[in-house]
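What follows draws every value from the coordinates through simple rules; no lab data is involved. These numbers were taken from a predicted model, which means no experiment stands behind them. No Cβ is skipped: glycine too gets one built from the backbone with ideal geometry, and neighbour counts run over all protein chains shown.
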Amino acid sequence: MNRLISLISGIIFGIGLVISQMINPEKVLGFLDIFGNWDPSLAFVMIGALIISSPMFHLIKKREKPIFANEFNYSDNKNINKQLIYGSILFGAGWGLAGLCPGPAISSLALLNIYSILFVVSMFVGFYLVKLLNLNSIR
Amino acid sequence: MNIVNFTPYSALTGGIIIGFAVAIFFYFNGRLVGISGIASNALTEERNKLDNILFLIGLIIGPIIYTLFNQEQISISISNSYLLLIFAGLLVGIGTRVSGGCTSGHGISGIGRFSVRSIIATITFMIVGIITVYLKNIL
């Protein structure tokens, strides 16, 4: 059953990305263009997501365990370290260059355009490099 | 600053749908959505591999289901060169894994559980994204 839930959660998330237009890089770049022609829409996407997910998270975690798993399993890493800052800087630069972040990029594969495919392939190369070179544990 | 193309209702609606996807995944499977983590672990880790792959397939199916019920096509525009997209994809892939999250993992799931680490990451990648777009526009 947890397999089905994974698929369904992905589908709902993907539909949310389309309806919110977060799937469109132009919309994302408009949001980041505060000093030019600013499109504040994506702030509302985050607000919408948080007003549901945040109270639900705090309610659900009081339960003994999730429905289809033995325990809740999420990172409770509290380290504010160099990796957090350097990684976020790299991610922010890539996000600002392309207007794509991981979720929308993967969802936009549905549109079968060469740009999304190129971006997603190189993003996965990036994931692999971090694993291969242990970049997330560099001091 | 000019405010343009502002679509608060679709943004809020899409965001709420995304919030429900996060809540469902947490309630049933006990995991918090972070797409860069799900995608990267689908590639490099054996644990929860099938769940992760199914979530990603869901992300791609979501837009397809949306178009089945809507007359309008999803339109996105990407105006970058291939080389720039490949570079941006690498930055996003490496950056999100070094910092341990992206717009969903830090921006929604992390902020939703009031993680200071995620709040700092989100502020950092947003500021760097804004600076990147600004520099791109003046260069």
When the charge dipole of the protein assembly as shown is computed with +1 on Lys and Arg Cβ and -1 on Asp and Glu Cβ about the Cα centre, the Cα farthest towards its positive end, among A:N79, B:I24, B:G112, belongs to A:N79
Note to self: C-alpha centroids of region B:67-117 and region B:121-139 sit apart, in Å, by 14 Å
Applying the span-like rule to chain B (DSSP H, Cα extent along axis at least 18 Å, Kyte-Doolittle mean at least 0.5) gives B:8-29, B:49-69, B:82-99, B:116-138
The rounded separation in angstrom of the Cα centers of region A:15-67 and region B:21-45 is 16 Å
In chain A, helical segments from DSSP H whose Cα atoms cover 20 Å or more along their own axis and that average at least -0.5 on the Kyte-Doolittle scale are A:2-19, A:41-60, A:82-98, A:114-133
Along principal axes, largest first, the alpha-carbon spread of region A:2-137 in whole Å comes out as 48, 38, 31
Here, B:L83 and B:Y134, labelled 7 Å along Cα→Cβ, have an inter-label distance in nm of 2.7 nm
Once the in-chain neighbours fewer than 8 apart are removed, the aspartates and glutamates whose Cα is under 20 Å from A:K62 read A:E71, A:D76
In deg cm²/dmol, rounded to the nearest 500, the helical mean residue ellipticity at 222 nm of the protein assembly as shown, built from -39500 (n - 2.57) for every DSSP H run of length 4 or more, is -22000 deg cm²/dmol
Nearest-0.05 FRET efficiency for A:R3 and B:F114 at R0 = 30 Å, using Cβ-Cβ distance, is 0.50
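Select from region B:27-114 those chymotrypsin sites (Phe, Trp or Tyr not before Pro) which occupy a DSSP coil region and have at most 11 other Cβ atoms within 10 Å, ordered by residue number.
B:F114
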Pseudo-spin-label distance B:I3 to A:N77, built 7 Å along Cα→Cβ, given in nm, is 3.7 nm
Placing each pseudo-label 7 Å from Cα in the direction of the beta carbon, A:K62 and A:L133 end up separated by a distance in nanometres of 4.7 nm
Listed with the fewest Cβ neighbours within 10 Å leading, B:T132, B:T67 appear as B:T67, B:T132
